[in-house]
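A quick write-up on the structure given underneath.
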Amino acid sequence: NNTFGATAFSSFGGFWMSYAVIISPGFDVLPTLKEAGGTAAAHGIGIFLMGWVIMTFILFLATLRTNLGLCLLFAFLDITFILLCAGEWTGVHNVTKAGGYFGLFTALIAWYIAASDLITRDNSVFTLPNPSLARNTGRNHLEDGKTEDGN
């Protein structure tokens, strides 16, 4: 029943597979774009990344009532894609480099979320906070934004 998780994981799995096709020599996507001359390769990759800016923003909106960790994760992931896209379109290496650093920070957030989900009261002497952003509807919300009855 985790539509968000299934959508996010399958979408970003598709991102990595399609990006691998773009940069893998056997598919000749990037060399063909470079042969076109000018800024075709940079603009093509920039357009590809802009699609992921939009998709990530939609997923970010879907996290606004889950928990702080997921909300921050998708906010920083969107900033990462924006910087990478801008770096491709402008050709400014430092913008692309900033996108890489934001991507590393985003990975740290993802690892923290994973640890906070795995380290629970049932199996550890401590837990990691990941505050719920769910509306207070009078039902008891757990840390991941779900209620005790699973909704």
**Item:** Residues that are open to solvent by 50 Å² or more (accessible area, probe 1.4 Å) and not in a helix (DSSP H, G or I), drawn from the stretch 14-30
**Value:** Asp28
**Request:** Name the residue, out of Thr90, Thr3, Thr80, Thr56, that is hydroxyl-bearing (Ser, Thr, Tyr) and in contact with a Ser or Thr (Cβ under 6 Å, 6 or more places away or on another chain).
**Result:** Thr80
**Prompt:** Among all residue pairs at least 6 apart or on different chains, which show Cβ distances below 6 Å where the first residue, located in the stretch 114-129, is surrounded by 10 or more Cβ atoms within 10 Å (Cβ to Cβ) and the second is part of a loop (DSSP other than H, G, I, E, B) and polar (S, T, N, Q)?
**Reply:** Ser116/Asn130; Ile119/Thr127
**Request:** Please work out if Gly99 is crowded, with 19+ Cβ neighbours inside 10 Å and part of a helix (DSSP H, G or I).
**Result:** yes
**Asked** Given Leu59, Leu64, Leu49, Leu33, which one is of a type in the set (A, V, I, L, M), open to solvent by less than 80 Å² (accessible area, probe 1.4 Å) and not in a helix (DSSP H, G or I)?
**Response** Leu64
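The values are calculated or read from the model by the stated rules, or taken from the named source; none is laboratory data. The model shown is predicted, which means the values in this text are computed figures rather than measured ones. As a convention, Cβ positions derive from the backbone with ideal geometry for all residues, glycine included, and neighbour counts pool all protein chains shown. The area values use the complete protein model at the heavy-atom level, side chains included, leaving out ligands, DNA and RNA. Shrake-Rupley method; radii C 1.70, N 1.55, O 1.52, S 1.80 Å.
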